[in-house]
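Taking it in order: structure first as C-alpha cells, then the write-up.
Every number here is computed from the coordinates shown, using simple stated rules; none is lab data. Keep in mind the model is a prediction, meaning the values are calculated, not measured. Positions of Cβ are backbone-derived with ideal geometry, glycine not excepted, and every protein chain shown enters the neighbour counts.
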Amino acid sequence: MLGEYRISGRRASEIAASVEYGVGAGEFPPGHPLPPMRELAARLGVNPNTVAAAYRTLRERGVIETAGRRGSRVRSRPASTARNSLRIEPPPGGRDLGSGNPDPALLPDLREALSAAAAAYARRPGLYGDAAVLPELAAYARTAMDADGVPAGPLAVASGSLDAIERVLSAHLRPGDAVALEDPGWGGLLDLIPALGLRAVPVAMDEDGPLPGDVDRALRAGARAVVVTGRAQNPTGAVVGSGRARELRSVLAGHPGVLLIEDDHGHAIVDLPLHPLAGSTDRWAFVRSVAKAYGPDLRLAVLTGDQLTVDRVTGRQQLGPGWVSGVLQRAVVHLWTTGAVDTSAIARSYGERRDALVRALAERGVTAHGRSGMNVWVPVGDETGAVARLLRAGWAVAPGARFRMASPPGVRLTVSPLDATDIAPLADAVAEAAGPVRPVSHG
C-alpha cells in the first residue's frame, strides 16, 4: 500500500521523479515496496515499458532495488546514508578498532603551521581572483609526484580525496554509467557511486591490488571508469607492485576511452614505492590527500590529470566553493616543507603494529591481509557473529558490510589505537571469533 501519496507522470522521467520525491519526502520509507510495473502502468494509463524505464532509472540512481519475484522496493539503506552509519560502538572500557582514524599521537601540532599561515595572510589576504592553487603548494606537490613517476599535468586542489574523486567522476560520467570499483573497497566511495546515479561494478582484489582479469571483464562489459588504490588500500592494505602495475597498464591500454582515477591517500604513511597507472588511458586523474598523515580535519587533496579532466574539475569548482582556503593550503605547505612530520617514522609505526598483528593471527591459524597502511582485513565465516563475539570481548571492529559488494564476509581492524601489549589478546579474541571461512576462487 502506498498510503495517501500517489505516483504520477506520463513519461519515464516524470514517473521516476515522482517516486524519488516520495522517497525524499518520507512517503516511501526504506524497504517500502513499489507497485508492480504492469499495475502502475494501468493506473497511470501508460505503456508498461515506460514504467520499466522509470524503475530502471531509479535503480541506476540507487533509489530502489529489485529482488526478483519480490518486486521493487526502496533501498533499505538509501544512497544518502553513509556506510559509516554501520559503525559499532565499543562497550564501556572497550577499544575502538573500527573508526579508521589515524593515531593522534602521530599527528603534527598545527599551532606553528597555522601561525605561519596566519602571518602570511596578514601580509597578503586571499582575495577573489587569486589563483586557486598556491604556487608554493603546486611546486612542492609537483616535485613529489615527479619523484613517484606520476605523469605531468595541471594541478587542482579539492577538499579531500572523496571530494576530488566526486568532481572527476562528475566531469565525465552521467547517471547510469558503470564504474569499476575494488571489492572490498572504501565504503565512502561505494556510497558515492549510487549517490551520483552511477552503477558500481565489483572488481576482486588480492594483496597486489585489483585482479587484471576482473578489471578487463568490467571494462569489456561497459564500465566507463575505474578507481584504483595504489597502496594502503582500504580495507585490505593491498599494494600495487611493479608486476601488477604492468598487467593493469596493459589492460587499461586496451581501453583508452576509460576514465582512470588513482587514489593515493596513503602516500605519507606507507614506505612502499608507488607504481602509478596514470597515463595508461586518455582520461585520468591522480589524487593525493593529507588526511592520514597530517589529520582528517585538514580537508585538502591535490589532484592532477589530463588537461581536459582538470579543466572541467576546476571550472565546475569555480561555480561552487571556488577554491580550497589559501590559509589551509599555506598550513599544509608549512607542514610539508619544514619537516614537521616524520613520514618515515609514521610508516614504520603503523607497519610494526600491522605486521605484528598479522603475524600473531597467522600463529593462531587465522588468515589476515595488511601489507600497508593502518588496516588489517580478516576474512570470517559469519560476519555478524564475529563482530558480536569481538564486541563481547571488548573490541569494536568495522563490519565488512561497510566495504563489500560481492566479496565474502570479513572484518576490518584499524591498528592505530594498538600498542605492543594489545597484539596477543586481540589476536586471541579474533581467532576465537573468526570461525571457519569458505574458500574463495578468483577464477
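Overview of results
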quantity: Rg followed by Dmax, in Å, when the stretch 63-212 is reduced to its Cα trace; calculated: 20.9, 68
quantity: Convex hull volume per residue in cubic angstrom - Cα atoms of the stretch 12-74; calculated: 75
quantity: Equivalent ellipsoid semi-axes, the stretch 111-337, via Cα gyration tensor eigenvalues times 5, rooted, Å; calculated: 30, 19, 15
quantity: Interchain or long-range residues, amide H under 5 Å from Trp395's placed H; calculated: Arg95
quantity: Whole-number Å³ per residue for the convex hull built on Cα positions in the stretch 267-413; calculated: 178
quantity: Globularity ratio of the chain, using Cα Rg and 2.2 N^0.38 Å; calculated: 1.04
quantity: The stretch 270-336: translational diffusion in µm²/s, Stokes-Einstein, Kirkwood Rh over Cα pairs, 4 °C, 1.567 mPa s; calculated: 94
quantity: Residue order, fewest to most surrounding Cβ atoms within 10 angstrom, among Phe28, Phe403; calculated: Phe28, Phe403
quantity: Translational D in µm²/s for the stretch 124-193 (Stokes-Einstein at 4 °C, 1.567 mPa s, Kirkwood Rh from C-alpha pairs); calculated: 87
quantity: Among Asn234, Asn49, Asn101, residue whose mean-square fluctuation peaks in a GNM of the chain (springs only between Cα atoms under 10 Å); calculated: Asn49
quantity: Sequence of Ser161, Ser349 once ranked by neighbouring C-beta atoms within 10 Å, starting from the fewest; calculated: Ser349, Ser161
quantity: Cα gyration tensor shape of the stretch 193-249, rounded if a/c is under 1.5, else prolate or oblate by comparing a/b with b/c; calculated: oblate
